[in-house]
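Below is one structure, written out as C-alpha cells; the observations come after it.
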Amino acid sequence: MSVNELFKKDLKVVNIGLKSFYNDLKSQNLTAVHVNWKPKAGGKTRMVSLLDKLKKMN
Amino acid sequence: MIIQTIVKKNAYYDSVTLMLLSRELKKLEGVEEILVGMGTDLNIELVQNLGLFSGELESITSNDLFISAKFDETRTNLEAIEAAFVEQLNKTDQKEADDDYQPPTLKSALQYLPDANMVVVSVPGQSAADVVDEALDNDLHVMLFSDNVSVEDELRLKQKAVNKGLLVMGPDCGTAIINGAPLCFANAVRRGRIGVVGASGTGTQEVTVQIHQMGGGLSQVIGTGGRDLKEEIGGLMMIQGFQALIDDPETDLIVLISKPPAASVAEKIYRIARQSAKPVVIDFIGGDRAAIEAVGAIACISLEDAARKAMAKLNGQKVADFVGFSLPEAEIEQIVDKAVATLKPDQTELRALFTGGTLADEAMKLLGGRYAIYSNIPLSPEMAIENMPDQKGHLCLDLGEDRFTRGRPHPMIDPQTRTEFFRSHVDEQTAVILVDVVLGFGSHADPAGAVVDSVREVRERLGKVGREVVVVASVCGTDLDSQNLERSVRALESEGVIVMPSNAQAVRLTDRVFQRLEKGN
Amino acid sequence: MENLIEKANQQVLEIIQNARPTLIGLGIAGEVIPGMEKNLFLHAGPPVTWERMSGPMRGAVMAGLIYEGFASTPEEAAKVAASGKIRFEPCHHHQSVGPMAGVVTSSMPVWIIENTTYGNKAFCTLNEGLGKVLRFGAYGEEVITRLKWMEAVLYPVLKEAIAIHGPIDLKNMIAQGVQMGDEVHNRNKASTSLLIREIASSIVKTSFSDEDKVKVFDFLNSNDHTYLNLSMPAAKASLDPAGGVKYSTIVYTMARNGTDFGIRVAGLGDRWFTAPAEIINGLYFPGFTMDDANPDIGDSCITETLGIGGFSMATAPAIVQFVGGTPKDAMRYTTSMYEITTEESKAYKLPPLNFRGAPTGIDIRKVVETQILPVINTGIAHKDPGVGQVGAGIVNPPMACFEQALEAYVKLLEDEGLVE
C-alpha cells in the first residue's frame, strides 16, 4: 500500500529488535506484535550459508 | 585484582540488555570493572581500553557473548559473577514471561498480524538490511532505527521502497509519528494539520513539541534518517515523504527539517517546493536562506522559528524571524542580572551538555560564530575537543555521538553519561551549564530528575569552594508525555535551573549571560 | 526450485496425516519382530555399543540377559554383555520403539500396531509400571518375576481380548486423549483409562480365570503410563512410511540411548545424526539432584516427532507441575513449536489453542534458522542402573544433530547438482 494509503489505515506494527519500543506501542493501545529477534541460525556463518544455498534454489 | 573472561558462544542478547547487565554486574562486591557484550570489533576495542582484555577474546566472533571482569579474587570469583549474570538474565526473562507470544521471525509475526502495515526495526546494523528487505518484500513500510547500515544498502533499500511506494524511515532514524502514533523516540503531540519530514531526530522532536505548545497539531511526522539528504542517497525518503504530504488531504502545511543537504538534493527538494500548492517551511539548519525563499518556501533561523512560522502561516498571521524571547525583555534582563550576580570574575566558561544531537547542533550554530567553542561536533577542525587545552575554554558536547555511546546506552535512555560529565567537566571556571531535557517515548523515565540530581551535586561541590553556577535548560516535551512537561519544568526550577521554553531561547539566554560577563570584564 | 523441497515435504506431511495406526494384536518379540533373534537385543536410541551404554541401559541389558536365561546373576550378565555374544541394535532398525532403556529381548510380549493406510507395522513391549523396572535399568528378582508374569498371564489375556474385540483405532483414541488432558508421552492417564474401558468387556470374555482377569485389570489400572507403550508405536507407525521421501527436510525419527541423541530425516533415509544426549533440567524428586541424572534416554520422543508429547503440552497443563513450570509455559512451548513445523495435525486438535491442530512435521531448516529446538517432555532416570526415575523435566535435542543433518542434506543436493 502506498504512503497515502497508509495514512488512512490504523497503524499495525511489527516491532523487531528492542523490546522497549514494543512496550511503548502497547502503552498507546496500538496493535503490535514483538518479534523476539535473534541472528539467523544463531549467527553461525556456515549454517547461514547452507540455508541461503537452499533459498537460492528458486 | 585479576582479569578473567567468560565466553558464551552463539548467545545473542540485544545491546540495551547487555549494557544494563554490565551496569548491574559492576555493583557486585569485589568487582572493579566489568563489561558484558557481543564480540564485535568495537566491543573488543572497548575491552582493551578498559584494561580487561584476556586471551579468550582472541578467537571470539561477533555472535559470541563475553563477560570480561576485573575483580578482587579474595572477595569474589568468576563463578559468582557468572551466577549473577544468569540471575539478572532470568529477572529479565521473568518479566517477559507474562507477556504476549513473541514470534521469532517477521514471517511468523505476519501470521499473527496478517494486516500489519509497519515494521519498526532496531536490530544490530549488520543484520538490519536483511530484515528491511523482508519487510519490503511483504509490502510493509519500515521505520529503521538501527544504524551502522552501509550506504550501499541504504540506497538499495530506499530505491526498492520508492519503487513500491513504501517508506523506509532510516537508517539511524530516531523519530517518526505516523497516523498519530509516536514511533521510537517521539513526543506525544496533538493531531493536526501540519506535516513534517525530518532527517534529524531531536530536531524533529523540538519542532513537533513547539507546534504542540502553540496549540497546533501534527498530521504526520515522517523521519528519513540522518544520511538521506547526502549526495549518495539523493534525498529519496525526504522526497517521498514530501510528496506524500503534498498529496495528503489532512495536511495543510509542510515543514522540512534537516542539516543542509547536498546541493543536487537541495535542488530536487526546491523544485517540488516551488510547485507545491501548500505552504512549505524549510529548516535546513544553517542552510541557504535565499535559495529557499527563491522557490516560495519559508526559511528558518532555528527549530523554534520553524514551528512558529508554520503556525503563523497556517493561521494567516505575519511570518517573521523569531530572534527574541517569549518573556518580555525586562524580565529577561532581570534573569540575566540575577544569574551574573552569582558568578565570580574568573567564572567565564560554558559547559553545554546535550543529549539530543540536533539540539547540540543548533546550539553550536547559534553560538559558534561569536564564541570559540570546543566540541565533538565543532564548527572547524581546530575546535575539536581533542584540541582543548586542559579543559580550558568553552565546551559543547553532543553526548549521543558515537564516541560516547560505545558500550553505553544513549544518554536519552540512560542519563548516566551526562551525570559523569557534570562531575568531570564542570569546575570552578564554569559560568553556565546548558542542557537539554528530552521527554517522550523512548526517553528515560525522569530525565529532569537526573539533571536535578546532577545540579544539586554540582552546587554542593562548587559551594564548598564558595562558588555558584548558572544552569540553563529547555525541556523538549509536552503535557501529554509520560514524564510530563510541567512537572519536569517545576522540578528543574525548584533546583534553581533557568528553564526556557525552547532550545533556541535557552541558547540565546546563555549568549546573553556571556555577553554580560564580557561587558563586566 | 525450492519447490523441490516443498513438494517433498508436502508428500511427507500427507503420509503422516493419512496414517491410521491401529492396534491389531499382540505377539512375542522373537516371533513377530522382523529380524529378531535370541541373541539380538534391541535398545532405544541410535546405535550404541555395550562400552558406551549408560547405567540404566546396561542394567536393562543385564535384566534382559537374566530374563532370557543367558545369565543367572548380574555379574554374569555383565560378562555376557561385554563378551560380544549378544548383538545390540536400535529398536528403530526393527520397526520397534522402547521407552527409557527400551530393551527388547526375544521372549518379551509386544503390542502389534499396523498403519492400515500403508500396511507398515510397529512394535513395542508392554509397560511394566513404575519403580524398579527393566526400562529404568533394574535387574533384581522382582523385575524378572514381573516380566515372567507379563509373559505368562498379561500377554495371553490381552492377546485374546484384542482378538475378541477386534482392531482398535489408536489415532482416534489419542485424539480423544489429547482433548482430555493427555499429551501421551508423560501424561497418559486419560488414554490409559480409555483403553481399559474399551477392552474391559473383552477381557471379561476371555477364557482365563477370574483371578487372572482381575490381576490384569489391576495391573493395567495401577499404571497410568500403560498407554505410552501404545502411543509410541502408533507414532512410529505413522512416521515410518515418510522415511525415504527424497529431498524432504522433515524429521521422521528422534531417539536417545542414554548416551547419544539421534535424529533421522526423511530425505536422508536411514542415516542417523547424533550428538551427546543432554542432562535434563527439571524438577527432581526429594533427595535427588541433577548430579544423579542420567542423560536423556528413550525412544519416547517419537511422540514429539509426530507433534504430540511435549509439542502438545498446551493441552496437558497438568504436566507442567512435574516439570516445574506454569500452564502459560505449556502454551508457550506448544506455540513456539509451530515455528519449526510444517502443518497442523488434522487429527490431533488442542482445545486450549482453540482446537488448533498439533504442530506436525519438524523441518530441519526451520530448526537451524530459528535456533528453536524441539521440546521434549521426559522422565529422568538415575544414572545408576536399577534406581529408577528421579524426576521429570523438559529437554531438547542437541542443535548439532540438526546442523549435521543440514550439512548432509545440502551436500546431497550439491552432489546431484541441484545447488552450487
**Request:** Output the residue which, of all residues in segment C:339-356 that are more than 14 Å from C:Ala316 (Cα to Cα) and touching a residue at least 40 places away in the same chain (Cβ under 8 Å), is surrounded by the fewest Cβ atoms within 10 Å (Cβ to Cβ).
**Result:** C:Lys346
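Within segment B:487-494, does at least one residue satisfy the condition of being more than 21 Å from B:Gly368 (Cα to Cα) and within 19 Å of the chain's Cα centre (by Cα)? Even if it seems obvious, please write down each step before you answer.
Quick first cut of segment B:487-494, residues more than 21 Å from B:Gly368 (Cα to Cα) only: B:487-494.
Next cut, within 19 Å of the chain's Cα centre (by Cα) only: B:488.
Yes, some residue in segment B:487-494 is more than 21 Å from B:Gly368 (Cα to Cα) and within 19 Å of the chain's Cα centre (by Cα).
Can you tell me how many residues within segment C:346-388 are polar (S, T, N, Q) and in a strand (DSSP E or B)?
As a first pass, look at segment C:346-388 and keep what is polar (S, T, N, Q): C:354, C:360, C:370-371, C:377-378.
Applying the additional criterion that residues be in a strand (DSSP E or B) yields C:360, C:377-378.
Residues that pass the stated criteria total 3.
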**Message:** From the list B:Gly449, B:Gly400, exactly one residue is part of a helix (DSSP H, G or I) and surrounded by 16 or more Cβ atoms within 10 Å (Cβ to Cβ). Which is it?
**Reply:** B:Gly449
**Request:** Might you let me know whether segment B:337-351 holds any residue that is aliphatic (A, V, I, L, M), buried (at least 22 other Cβ atoms within 10 Å of the Cβ) and either within 24 Å of B:Gly201 (Cα to Cα) or in contact (Cβ under 8 Å) with a residue 40 or more places away in the chain (or both)?
**Result:** yes
**Fill in**
Taking segment A:6-32 and keeping only residues that are within 7 Å of another protein chain (Cβ to nearest Cβ), crowded, with 24+ Cβ neighbours inside 10 Å, closer than 30 Å to B:Gln243 by Cα and touching a helix residue (DSSP H, G or I) at 6+ places or on another chain (Cβ under 8 Å), one is left with A:Val13, A:Val14, A:Asn15, A:Ile16
**Message:** Looking at (1) away from chain A (no Cβ under 14 Å); (2) surrounded by 22 or more Cβ atoms within 10 Å (Cβ to Cβ); (3) in contact with a Lys or Arg (Cβ under 6 Å, 6 or more places away or on another chain), which one does B:Thr204 not meet, given that it meets all the others?
**Reply:** (3)
**Asked** Residues in segment B:158-190 that are over 19 Å from B:Gly442 (Cα atoms), more than 12 Å from chain A (Cβ to nearest Cβ) and basic (Lys, Arg): how many?
**Response** 2
**Complete:** When every residue in segment B:1-26 that is over 11 Å from B:Asn63 (Cα atoms) and basic (Lys, Arg) is compared, the one nearest to the other protein chains (Cβ to nearest Cβ) is B:Arg23
**Fill in**
Heads up, the helices (runs of 4 or more DSSP H) in segment B:24-125 (entirely inside) with at least 1 residues that are of a type in the set (Val, Ile, Thr) are B:41-49, B:78-97
**Asked** Is it the case that segment B:211-226 has a residue that's modelled with pLDDT of 95 or more, among the small types (Gly, Ala, Ser), outside any strand (DSSP E or B) and over 28 Å from B:Thr355 (Cα atoms)?
**Response** no
**Request:** Provide a single number: the residues in segment B:132-157 that are farther than 21 Å from A:Asn4 by Cα, buried (at least 24 other Cβ atoms within 10 Å of the Cβ) and either modelled with pLDDT under 95 or within 11 Å of chain A (Cβ to nearest Cβ) (or both).
**Result:** 2
**Item:** Residues satisfying the stated conditions in segment B:127-143, i.e. farther than 22 Å from B:Pro114 by Cβ and in contact (Cβ under 8 Å) with a residue 24 or more places away in the chain
**Value:** B:Ala128, B:Ala129
**Request:** May I ask you to list the residues in segment C:278-308 that are of a type in the set (A, V, I, L, M, F, W, C) and crowded, with 24+ Cβ neighbours inside 10 Å?
**Result:** C:Ile280, C:Ile297, C:Cys301, C:Ile302, C:Leu306, C:Ile308
**Message:** Condition (residue is touching a Gly at 6+ places or on another chain (Cβ under 6 Å) and assigned to a helix (DSSP H, G or I)) applied to segment B:366-378: is it met by at least one residue?
**Reply:** no
**Request:** From (1) in contact with a Cys (Cβ under 9 Å, 6 or more places away or on another chain); (2) crowded, with 19+ Cβ neighbours inside 10 Å; (3) under 27 Å from B:Asp436 (Cα atoms), pick out the condition that doesn't hold for B:Met237.
**Result:** (3)
**Complete:** Of (1) within 14 Å of chain A (Cβ to nearest Cβ); (2) surrounded by fewer than 21 Cβ atoms within 10 Å (Cβ to Cβ), C:Lys383 satisfies every one except (1)
**Request:** Working carefully through the options B:Leu113, B:Leu136, find the one that is under 24 Å from A:Gln28 (Cα atoms) and either within 21 Å of the chain's Cα centre (by Cα) or of a type in the set (A, V, I, L, M) (or both).
**Result:** B:Leu113
**Message:** Among the residues of segment B:125-157, what is the count of those that are in contact with a helix residue (DSSP H, G or I) (Cβ under 7 Å, 6 or more places away or on another chain) and under 22 Å from B:Gly39 (Cα atoms)?
**Reply:** 6
**Complete:** Over segment B:403-446, the set of residues touching a strand residue (DSSP E or B) at 6+ places or on another chain (Cβ under 7 Å), part of a helix (DSSP H, G or I) and surrounded by fewer than 21 Cβ atoms within 10 Å (Cβ to Cβ) is B:Phe421, B:His425
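Which of the residues that make up segment B:139-170 are part of a loop (DSSP other than H, G, I, E, B) and either within 19 Å of the chain's Cα centre (by Cα) or among the acidic types (Asp, Glu) (or both)? If you could, list the steps in order and put the result at the bottom.
Applying the first criterion (part of a loop (DSSP other than H, G, I, E, B)) to segment B:139-170 yields B:139-140, B:145-150, B:165-167, B:170.
Within segment B:139-170, B:Asp139, B:Phe145, B:Ser146, B:Asp147, B:Asn148, B:Val149, B:Gly170 meet the criteria.
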**Condition check for C:Ser300: in contact (Cβ under 8 Å) with a residue 12 or more places away in the chain, in contact with a helix residue (DSSP H, G or I) (Cβ under 7 Å, 6 or more places away or on another chain), under 30 Å from C:Pro241 (Cα atoms) and assigned to a loop (DSSP other than H, G, I, E, B)** = yes
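Looking only at segment C:68-110, which residues are part of a helix (DSSP H, G or I) and buried (at least 24 other Cβ atoms within 10 Å of the Cβ)? Steps first, please.
Going through segment C:68-110, the residues part of a helix (DSSP H, G or I) turn out to be C:74-83, C:91-94.
Result: C:Ala77, C:Cys91, C:His92.
Select, from B:Val465, B:Val499, the only residue that is in the same structural domain as B:Thr355 (by TED's automatic domain parsing), of a type in the set (A, V, I, L, M, F, W, C) and at pLDDT 95 or above.
Working: B:Val465 fails: at pLDDT 95 or above.
B:Val499 is the lone residue from the list that is in the same structural domain as B:Thr355 (by TED's automatic domain parsing), of a type in the set (A, V, I, L, M, F, W, C) and at pLDDT 95 or above.
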**Prompt:** In segment B:238-259, which residues are over 21 Å from B:Glu293 (Cα atoms) and either more than 11 Å from every other protein chain (Cβ to nearest Cβ) or without any contact (Cβ under 8 Å) to a residue 12 or more places away in the chain (or both)?
**Reply:** B:Asp247, B:Pro249
**Asked** Does any residue of segment B:88-97 turn out to be over 28 Å from B:Leu183 (Cβ atoms), at pLDDT 90 or above and more than 7 Å from chain A (Cβ to nearest Cβ)?
**Response** no
**Prompt:** Within segment A:33-44, can one find any residue that is in a helix (DSSP H, G or I), basic (Lys, Arg) and at negative phi?
**Reply:** yes
**Prompt:** Which residues, taken from segment B:498-521, are assigned to a loop (DSSP other than H, G, I, E, B) and surrounded by 22 or more Cβ atoms within 10 Å (Cβ to Cβ)?
**Reply:** B:Ser502
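The values are calculated or read from the model by the stated rules, or taken from the named source; none is laboratory data. What you are looking at is a predicted structure, and each value in this text was computed from that prediction instead of being measured. FYI the Cβ positions are ideal-geometry reconstructions off the backbone, even for glycines, and counts take in every protein chain you see.
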